[in-house]
Amino acid sequence: MIPSLLAPGECRVWWATPGDRTVETLSAVLSDPELERAARFRRDPDRRRFLTGAWLLRTAAATQLGVRPEDVVVDRSCSDCNRHHGKPYIRTSGRRLHVSVSHSGDRVAVAMTSVGALGVDVEAVPSTPVDDLARCALTPGELRAMDALPPMERHEAFAKFWTRKEAALKATGHGLRVSPDKLEVSRPEEAPRLLSWPLEIPPGNLRFVDLDPGEGYVAVVALIAGAQRVNVVESQVTDWQPTPFLPQPARSCVPQAV
């Protein structure tokens with residue numbers, strides 16, 4: 001269910017399952033560029049994940065703005081080309097909304113706040129070896145930390161490293177144009193923190209909150225919010241209408257010690 005207005009200092013994350021709605025329902029509120037992008041996916045599961053994320057983003061933003069989902073202006077312009085696959089922005093002359101979308105397997109997440117830029121990422125814990133990908137994505141220190149773990153724990157550890165890095169780069173809008181091995185994050189068993197990166201934003205200005213995507217998945221939201229305290233609330237979307245919901249308890253995102 002889609003909740004009511006964001007409270008001050010709040011970030012909300014909504015979870016949806018791609019198979020819960022028909023393609024017709026999901027497509028009904030989307031723009032032509034969104035439908036064109038959906039049509040380019042060759043695999044139906046990938047197409048459904050994208051459609052669900054685009055629908056959920058519009059439905060949640062519409063509730064905040066008091067408009068119909070199809071009237072929400074979503075800008076996905078890419079700074080490198082003319083395709084609509086960039087970081088999504090909600091264009092409005094009124095309340096400013098920062099948004100992010102992620103999907104993996106049967107989990108789709110949309111995060112939203114008015115506090116500051118954010119990024120959300122969810123990943124299914126890999127079931128196959130990750131050594132090659134880890135060598136490309138992790139720093140030497142992160143590789144040592146992962147290799148020190150028992151083999152059965154390394155897949156989830158890599159997923160934690162990866163989601164933290166991707167969520168951080170989504171928050172800035174850089175995405176994977178910045179190589180993930182240029183970021184250093186805390187060890188998987190530690191509270192998530194950004195230790196260093198090659199950007200001008202001080203690492204302490206970005207904070208993470210671990211999310212609860214369900215068994216077999218790892219997820220985190222990254223917020224660039226300076227010293228402001230942010231409460232993160234998660235909920236599961238069970239109805240396509242904007243009706244009341246019972247949220248999970250809020251978790252606070254507070255400035256990290258530096």
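What number goes with the only condition from (1) surrounded by fewer than 16 Cβ atoms within 10 Å (Cβ to Cβ); (2) at pLDDT 95 or above; (3) closer than 21 Å to Gly214 by Cβ; (4) not hydrophobic (A, V, I, L, M, F, W, C) that Pro140 does not pass?
Answer for Pro140: the failing condition is (3).
Any residue at all in region 154-163 that's of a type in the set (S, T, N, Q), outside the structural domain of Arg43 (by TED's automatic domain parsing) and either at positive phi or surrounded by 19 or more Cβ atoms within 10 Å (Cβ to Cβ) (or both)?
Scanning region 154-163, I find at least one residue that is of a type in the set (S, T, N, Q), outside the structural domain of Arg43 (by TED's automatic domain parsing) and either at positive phi or surrounded by 19 or more Cβ atoms within 10 Å (Cβ to Cβ) (or both), so the answer is yes.
Kindly list the number of the only condition in (1) of a type in the set (A, V, I, L, M, F, W, C); (2) crowded, with 18+ Cβ neighbours inside 10 Å; (3) farther than 19 Å from Met112 by Cβ that fails for Leu56.
Looking at each condition in turn, Leu56 falls short on (3).
Restricting to region 1-47, and then to whatever is polar (S, T, N, Q) and within 23 Å of Val220 (Cα to Cα), can you tell me which residue is modelled with the highest pLDDT?
The extreme case among them is Thr17.
For region 53-97, enumerate the residues that are modelled with pLDDT of 90 or more, in contact with a Leu (Cβ under 7 Å, 6 or more places away or on another chain) and either farther than 14 Å from Ala28 by Cβ or not assigned by TED's automatic domain parsing to the domain that holds Ala39 (or both).
Listed by number, the residues that qualify are Ala61, Gln64, Val74, Pro88, Ile90.
Can you pull out the residues in region 90-102 that are touching an Asp or Glu at 6+ places or on another chain (Cβ under 9 Å) and within 26 Å of Arg43 (Cα to Cα)?
Listed by number, the residues that qualify are Ser100, Ser102.
The values are calculated or read from the model by the stated rules, or taken from the named source; none is laboratory data. All figures in this text were calculated on a predicted structure; none of them were measured in a lab. Neighbour counts are summed over all protein chains in view; Cβ atoms, including those assigned to glycine, are modelled from backbone coordinates with ideal geometry.
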